[in-house]
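Working notes for the structure below.
The values are calculated or read from the model by the stated rules, or taken from the named source; none is laboratory data. Computed from a predicted model, the values in this text were never measured in an experiment. So basically every Cβ, Gly included, is an ideal-geometry build from the backbone, and we count neighbours across all protein chains shown. For the accessible areas, the whole protein counts, side chains as well, though only heavy atoms, and no ligand, DNA or RNA atoms are used. Shrake-Rupley method; radii C 1.70, N 1.55, O 1.52, S 1.80 Å.
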Amino acid sequence: MSATLTNGTLLSKTVRAEVARRAAQLAAQGCRPGLAVILVGDDPASSIYVRNKINACQESGVHSICDRYPATFTEARLLARIDALNQDPTIHGILVQLPLPSHFNRRTVINAISPDKDVDGLHTMNAGALMSGAPRFLPCTPAGVMRMLAAMHIPLEGSQAVVIGCSESVGKPMALLLLEAGATVAVCHRQTRDLALYTRSAELIVVAAGHPKLLTAEMVKPDAVVIDVGIHRTADGKLCGDVDFDAVRKVAGFITPVPGGVGPMTIGMLLMNTLQAAEYAFKTRP
Ligand code: GUN
């Protein structure tokens, strides 16, 4: 038996089509949704992610601007630029691409973004809103995973889930969203002594460890749902995820591929967050 593949590219097209439809409606009323993306430094992977985000905006009728700064850019100048974007009525979402060069304080930079324009859902206020069960902007990757699980009709209430990785943008919010949906959630990380002990009993495994092919077939219960958030380039130039895809697909019930799984959904949810920020700004305009 081979797992059912979940096509994130196809599903993200549905999300983007909805964004395009609502963005056109809003634009007809005089408010075109706008996203500002800021990239500091010359990390090649970040440059590709940013380019994909800007292209996705264009395809969905979302206005976008992209600021590119050298790695020597100062934190004070970045904060001043964010402040200007916070005041700009044509911009409804602001995303600072991470990681930032090491001389930046990531928390200071993220918290300089207005919580109303924090379409990455990483501001302390938005993270707190999620924690308290009243989320506003959800971080895009976990939001995309939840959308995929819903599209696959995966029952979460009472299920046993494992999240591997505890980052602020993926692992932690993912665990909270699954918890909110009624799953019993274990969060595993670098210090987890026996990872397989947790994964082998899980009905759902979300892997966001940043480690190529970490999850192997022996670690997966038959028919489990496996969601792969990782993306890596192998020595032979191919892309792979945090899951040993070829082996795990023979055991799992559902599996997301890399590429074409979670990645496109992340961008879809970024567009959706930007649209919702614009709709809210329009509704509450002075
Ligand atoms: N770098 C990798 N993923 C992300 C993301 O979702 N948001 C931001 N801001 N930076 C990233």
Q. In region 137-151, is there at least one residue being of a type in the set (Lys, Arg) and buried (at least 22 other Cβ atoms within 10 Å of the Cβ)?
A. no
(Q) For region 46-88, give me the residue count where each residue is assigned to a loop (DSSP other than H, G, I, E, B) and out of contact with any strand residue (DSSP E or B) (no Cβ under 9 Å at 6 or more places or on another chain). (A) 4
Q. How many of the residues making up region 225-269 are more than 16 Å from the ligand (Cβ to nearest atom), assigned to a loop (DSSP other than H, G, I, E, B) and among the charged types (D, E, K, R)?
A. 5
Q) Has region 140-155 got at least one residue that is of a type in the set (Lys, Arg) and either more than 16 Å from the ligand (Cβ to nearest atom) or in contact with a Gly (Cβ under 7 Å, 6 or more places away or on another chain) (or both)? A) no
Q: Take the residues in region 162-176 that are away from the ligand (no atom under 15 Å from the Cβ) and surrounded by 24 or more Cβ atoms within 10 Å (Cβ to Cβ), then tell me which one is farthest from the chain's Cα centre (by Cα).
A: Val162
Q. Tell me, which residue of region 83-132 that is open to solvent by less than 30 Å² (accessible area, probe 1.4 Å) and β-branched (Val, Ile, Thr) is farthest from the ligand (Cβ to nearest atom)?
A. Ile91
Q) Checking Ser102 against (1) in contact with a helix residue (DSSP H, G or I) (Cβ under 8 Å, 6 or more places away or on another chain); (2) over 22 Å from Leu11 (Cβ atoms); (3) part of a loop (DSSP other than H, G, I, E, B), which test does it fail? A) (1)
Q | Residue list for region 190-227, filter: in contact with a Leu (Cβ under 9 Å, 6 or more places away or on another chain) and either surrounded by fewer than 14 Cβ atoms within 10 Å (Cβ to Cβ) or more than 22 Å from Gly8 (Cα to Cα) (or both) | A | Leu195, Thr199, Met219
Q) Which of the following residues is modelled with pLDDT under 95 and either open to solvent by 30 Å² or more (accessible area, probe 1.4 Å) or touching a strand residue (DSSP E or B) at 6+ places or on another chain (Cβ under 7 Å) (or both): Gly230, Gly241, Gly261, Gly237? A) Gly237
